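Just passing along the structure, written as structure tokens.
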Amino acid sequence: MNITALARRRRWAPLLAVVPLLAGCGGGGDPGGRPGGAPPVLGRGTHLVLTTDNGVRLRPADGDRAVTGAGIVSRWSHRDDTWVLDLSCPQHEGHGDHGEGPCPRMPAIGVPAGVSVTVTARNAGIDAVGMSAGLDLTTVNGDVTVTRSGSGDAAVRLATRNGSVHTGALRSERLHAETVNGDVTLGSATSPSRLTAATTNGSVRVALPQDAPAYDIDAASRNGRTAVAVPAAGKGGGHGMTLTTVNGDVTATRG
């Protein structure tokens, strides 16, 4: 498995998907479509795509409108049920590159319930708490941390290159987590039908619910130990788990 190539390919996929949205929609004729406009109303089933050169914190919004913090220029565009938010810093003449100081490294974004989120970040982490739909979170230099988030019928993908992936009480139907230099530690409140976790320099740890079913398991480490305490199903079973590392341990437990 070439994990570095896999991470590179998947890291750019969400960003490339954003380009036609930005080019094709502009402001979309919506009051939230212009820089600095009011954040839009995001109903259940809507998809939010967020791009930033820093990190981001995702938190539940109180209502059905997205919430952005002070000091952030909200550049919104949309097509159908997908909204794109480009996070930037204020730029004012005579005030240097970032008008009122440096970009917030971890700005907070409020996400309404039932909205799935894709994030492409670069030089900081992604921290999500209380999200209630599918997640596709990617950064390069930073950790990805997800707590009490997801949905039992949703796909969750978490990826970084230089950092660790941590989840607690995560809900998903399909779960993929990867890094190159760091640990992957997955605490799951559900039993995903397909679970994949991979790193190169770090350990992989998975904790499933006590009532998790048997899995078709592929667990391997080149320079470390492997300990799996999850019932094994025959090949072609309904649930599958692939856990791999090169330099580190692999463990999987129930309860």
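The values are calculated or read from the model by the stated rules, or taken from the named source; none is laboratory data. Owing to the predicted nature of the structure, the values given are computational and were not obtained by experimental measurement. Glycine gets a Cβ as well: all are built from the backbone with ideal geometry, and neighbour counts include every protein chain shown.
Quick check on my filter: what residues within region 131-157 are assigned to a strand (DSSP E or B), crowded, with 18+ Cβ neighbours inside 10 Å and of a type in the set (Ser, Thr, Tyr)?
Answer for region 131-157, where residues must be assigned to a strand (DSSP E or B), crowded, with 18+ Cβ neighbours inside 10 Å and of a type in the set (Ser, Thr, Tyr): Thr138, Thr145.
Just checking: which of the strands (runs of 3 or more DSSP E) contained wholly in region 65-130 hold 2 or more residues that are at pLDDT 90 or above, in contact with a Pro (Cβ under 7 Å, 6 or more places away or on another chain) and hydroxyl-bearing (Ser, Thr, Tyr)?
116-120
Restricting attention to region 158-169, report how many residues are in a loop (DSSP other than H, G, I, E, B) and crowded, with 24+ Cβ neighbours inside 10 Å. Please lay out each step first, then the result.
Keep residues of region 158-169 that are in a loop (DSSP other than H, G, I, E, B), which gives 160-161, 163-164.
Keeping just the survivors that are crowded, with 24+ Cβ neighbours inside 10 Å gives 160.
Of the residues in that region, 1 qualify.
State which residue pairs qualify: first residue of a type in the set (A, V, I, L, M) and inside region 165-189, second residue in a loop (DSSP other than H, G, I, E, B) in any location, beta carbons under 6 Å apart, and separation of 6 or more residues or different chains.
Every condition considered, the pairs that remain are Val165/Thr179; Ala169/Arg148; Ala169/Ala189; Leu175/Pro192; Val180/Arg161; Val180/Thr200; Val184/Thr199.
Continuing with the same structure: Looking only at region 144-185, filter to residues that are among the charged types (D, E, K, R) and under 19 Å from Val250 (Cα atoms); which one of those is nearest to the chain's Cα centre (by Cα)?
Applying the filter and picking the extreme gives Glu178.
Among the residues of region 218-242, how many are part of a strand (DSSP E or B), more than 13 Å from Thr200 (Cβ to Cβ) and at pLDDT 95 or above?
8
In region 37-51, which residue that is under 21 Å from Thr120 (Cα atoms) and not hydroxyl-bearing (Ser, Thr, Tyr) is modelled with the lowest pLDDT? Spell out the reasoning first.
Within region 37-51, the subset under 21 Å from Thr120 (Cα atoms) is 39-40, 42, 45-51.
Then drop every residue that is not not hydroxyl-bearing (Ser, Thr, Tyr), which leaves 39-40, 42, 45, 47-50.
Details: Pro39: 80, Pro40: 88, Leu42: 95, Gly45: 95, His47: 98, Leu48: 97, Val49: 97, Leu50: 95.
So, considering only residues that are under 21 Å from Thr120 (Cα atoms) and not hydroxyl-bearing (Ser, Thr, Tyr), the one modelled with the lowest pLDDT is Pro39.
State whether one or more residues within region 242-254 are surrounded by 22 or more Cβ atoms within 10 Å (Cβ to Cβ), free of Cβ contacts under 8 Å to residues at least 60 places away in the same chain and either of a type in the set (Gly, Ala, Ser) or within 19 Å of Leu135 (Cβ to Cβ) (or both).
yes
Determine whether Leu195 is surrounded by 16 or more Cβ atoms within 10 Å (Cβ to Cβ) and under 20 Å from Thr138 (Cβ atoms).
Yes.
Still on this structure, I have one more. Look through region 194-214, keep the residues that are among the β-branched types (Val, Ile, Thr) and in a loop (DSSP other than H, G, I, E, B), and return whichever of them is farthest from Ala252 (Cα to Cα).
In this case the residue turns out to be Thr200.
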